[in-house]
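Right, one structure below, let's go through it.
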Ligand code: SF4
Ligand code: SF4
């Protein structure tokens, strides 16, 4: 076999194939949103570089009785644990704990 027989690298042949790579395996620390504390400002959603913070419709009632019409969830299949959401949350509603595998 010569180098000419090798497949060409660095080319995406199938659009959207990143969905098959569950990059959450890379994570060492895991962000967890405190739904009671979260003010739904959406900064974490805006800053997440992987777009893995999901806006989930549905009523959520906090322990103090406030009702929200949506919540934010993290898709842990793809969250790499970069911690940007933790840094950007203005009220420290996201904790960052060591991942347990
Ligand atoms: S840790 Fe990084 S990848 Fe995971 S949800 Fe936060 S910003 Fe997104
Ligand atoms: S940045 Fe913090 S307060 Fe704002 S939506 Fe995200 S978790 Fe909630």
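The values are calculated or read from the model by the stated rules, or taken from the named source; none is laboratory data. Only a predicted model underlies this, so the values are computations on that prediction, with no experimental measurement involved. For neighbour counting, all protein chains shown are included, and Cβ atoms are generated from backbone atoms with ideal geometry for every residue, glycine included.
Search the stretch 39-56 for residues that are farther than 16 Å from residue 81 by Cα and modelled with pLDDT of 95 or more and pair each with any residue that is in a helix (DSSP H, G or I) and within 7 Å of ligand 2 (Cβ to nearest atom) when their beta-carbon atoms are under 6 Å apart and the residues are at least 6 apart or on different chains.
Listed pairs, sorted by first residue: 43/88.
Tally up the residues in the stretch 74-97 that are more than 10 Å from ligand 1 (Cβ to nearest atom) and closer than 22 Å to residue 21 by Cα, please.
Within the stretch 74-97, residues that are more than 10 Å from ligand 1 (Cβ to nearest atom) and closer than 22 Å to residue 21 by Cα number 1.
Of the residues that make up the stretch 18-27, is at least one farther than 25 Å from residue 101 by Cα, outside any strand (DSSP E or B), within 20 Å of the chain's Cα centre (by Cα) and touching a residue at least 12 places away in the same chain (Cβ under 8 Å)?
Within the stretch 18-27, none of the residues are farther than 25 Å from residue 101 by Cα, outside any strand (DSSP E or B), within 20 Å of the chain's Cα centre (by Cα) and touching a residue at least 12 places away in the same chain (Cβ under 8 Å).
Which condition breaks for residue 65 when tested against (1) surrounded by fewer than 10 Cβ atoms within 10 Å (Cβ to Cβ); (2) within 14 Å of ligand 2 (Cβ to nearest atom); (3) not in a strand (DSSP E or B)?
(2)
Does any residue of the stretch 1-24 turn out to be within 10 Å of ligand 1 (Cβ to nearest atom) and touching a strand residue (DSSP E or B) at 6+ places or on another chain (Cβ under 6 Å)?
no
Residues in the stretch 45-58: is at least one part of a strand (DSSP E or B), out of contact with any strand residue (DSSP E or B) (no Cβ under 6 Å at 6 or more places or on another chain) and within 16 Å of ligand 2 (Cβ to nearest atom)?
Within the stretch 45-58, one or more residues are part of a strand (DSSP E or B), out of contact with any strand residue (DSSP E or B) (no Cβ under 6 Å at 6 or more places or on another chain) and within 16 Å of ligand 2 (Cβ to nearest atom).
Exactly one of these conditions fails for residue 30: (1) surrounded by 13 or more Cβ atoms within 10 Å (Cβ to Cβ); (2) out of contact with any strand residue (DSSP E or B) (no Cβ under 7 Å at 6 or more places or on another chain). Give me its number.
Here residue 30 meets the rest and fails (2).
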